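Notes to accompany the following structure.
What follows draws every value from the coordinates through simple rules; no lab data is involved. All values reported here derive from a predicted model rather than from experimental measurement. Counting neighbours? That spans all protein chains shown, and the Cβs are built from the backbone with ideal geometry, glycine included.
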Amino acid sequence: MKPILFNFTDAELEQYIVNMAQPKFRAKQVREWLNRGAPDFASMKNIPESLRKELDSGAQTLPVKIIKKLESGDGETTKFLLELNDGEQIESVLMRTTYGNSVCVSSQAGCAMGCKFCASTLLGLKRNLTANEIYAQILVAQWELRNDKFSEKHIKPNGDANNDDVSHIVVMGTGEPLQNTENVIDFIERANSQMGIGWRRITVSTCGIVPGIDRLIQWGRPINLAISLHAPTDELRSQIMPINNKYKLSEVLDAAWRFTDTHNRQLMIEYILLGKRDENDEIVLYNASLEHAERLSELLRGKNCMVNLIPWNAVDERDFSSLSGNAVHRFQDTLIKNGIHTRIRRERGTDIGSACGQLRLNNAKK
Ligand code: SAH
């Protein structure tokens, strides 16, 4: 396996370059390119061609390699299928929005959580990602923003974010971040200090690992927390999310309120609206009846939170159905009537298989 220069310390990189009979300052130049996300040595324009070639034959730049890049029809979403050094594959997504450029990163190769509606967990957990492997996903997106030939067709954010910079991070790709908490924390610290991404523009989404939430509280950075709730009762939640057998709804929410109280932050609740086919092949509401909306309201009333209603992205292997816009709106109306902040998540990149783990799964099936 070729060494990955991004993973080297500055001293190691310098030694590597000096061993190639090159002056030390070349190491600095290479480092600058690596920090910008250069995917290959050929992009390193101020390095002599002979050295670029020599580097290329002996080493790799980043700990991730782009295997596939998919662009949604509207040009707003780019999805990357990335390969790690040991051949594992992960996904990341760049979303160009009116408030900035947001990147959704994976924290694990695969997932052990076994949620019944999700594609990411179908092949099980392969391994945790290193902090460098998570960080490299941001670099890939940053490079894309700055070098991308489609950019004229992309919408430009009108916020204070630089158009060509990653401004927001969501740890919502494949994997459960709070099963890889220390590397995720390390990654976020670096995204903040090296890329200048503010704590409040970073969101970690969890299925509800209570000790992990407590670790985030102890860590103390005012990031955003999102909880994948998806059901308002333990009985229903345990059917679709095995983790609920370990940490019950009330324990998860208590931990989440402890987090939001610490930082005076709004909690994001994720709630996928699911239907199921009955024996007459009719689609019935699974977790999305008005009674479920009432139960959800009871759990959240008076709390500082926002419910993100998520239309389910169909996964062939999964036995659920997506619901019509009407069913989604009726559910939302009940929450609003009860004074619960809510919005419907806009679907992005469904034409390129942007739901969790779809691209990786489809590639593995081939
Ligand atoms: N493990 C973490 C983060 C990854 S999942 C968590 O559970 O929060 C990110 C979000 O996408 C979660 O809310 C997850 O439940 C949701 N999700 C998974 N599969 C989906 C699908 N097919 N359609 C829509 N949302 C999905």
Give me the distance in nm between label points sitting 7 Å out from Cα along the Cα-to-Cβ direction at S50 and E291, one decimal.
7.9
Separation in nanometres of the label points that stand 7 Å from Cα toward Cβ, at I336 and R301:
2.0
In this model, which of K116/K248; K28/K68; K65/K126; K65/K116; K276/K303 are farther than 24 Å apart at the alpha-carbon?
K28/K68; K65/K116; K276/K303
Counting only residues 5 or more places away or on other chains, whose amide H sits under 5 Å from the amide H of I269 once H atoms are built in the peptide plane?
I227, M306, V307, N308
Using packing as a proxy for protection, rank 81-94, 287-300 so that the peptide with the highest average count of other Cβ atoms within 10 Å comes first.
81-94, 287-300
What angle do you read, to the nearest 10 degrees and between 0 and 90, between the alpha-carbon axis of helix 49-58 and the longest principal axis of the chain?
60
I need the phi-derived Karplus couplings for the range 30-44: 6.51 cos²θ - 1.76 cosθ + 1.60, θ = phi - 60°, integer Hz, Gly and Pro marked x.
4, 4, 4, 5, 4, 5, 8, x, 4, x, 8, 6, 4, 6, 7
Subtracting the Cα-Cα distance from 0.36 nm times the residue separation, let me have the gained length for N245 to D319 in nm, one decimal.
24.6 nm
What's the angle, to the nearest 10 degrees (0 to 90), between helix 290-300's Cα axis and the longest principal axis of the chain?
60
Each residue of the range 192-198 in order: what ³J(HN,Hα) in whole Hz does its phi give by Karplus 6.51 cos²θ - 1.76 cosθ + 1.60, θ = phi - 60°, with x for Gly and Pro?
6, 7, 8, 10, x, 8, x
Counting only C-alpha contacts under 8 Å and six or more residues apart, can you give the relative contact order of the range 214-327 as a whole percent?
29
Explain nothing, just the number: dipole magnitude of the chain about its Cα centre with +1 on each Lys and Arg Cβ and -1 on each Asp and Glu Cβ, in debye rounded to the nearest 20.
620
Roughly what angle does helix 325-337 make with the longest principal axis of the chain, taking Cα atoms, 0 to 90 degrees, to the nearest 10?
70
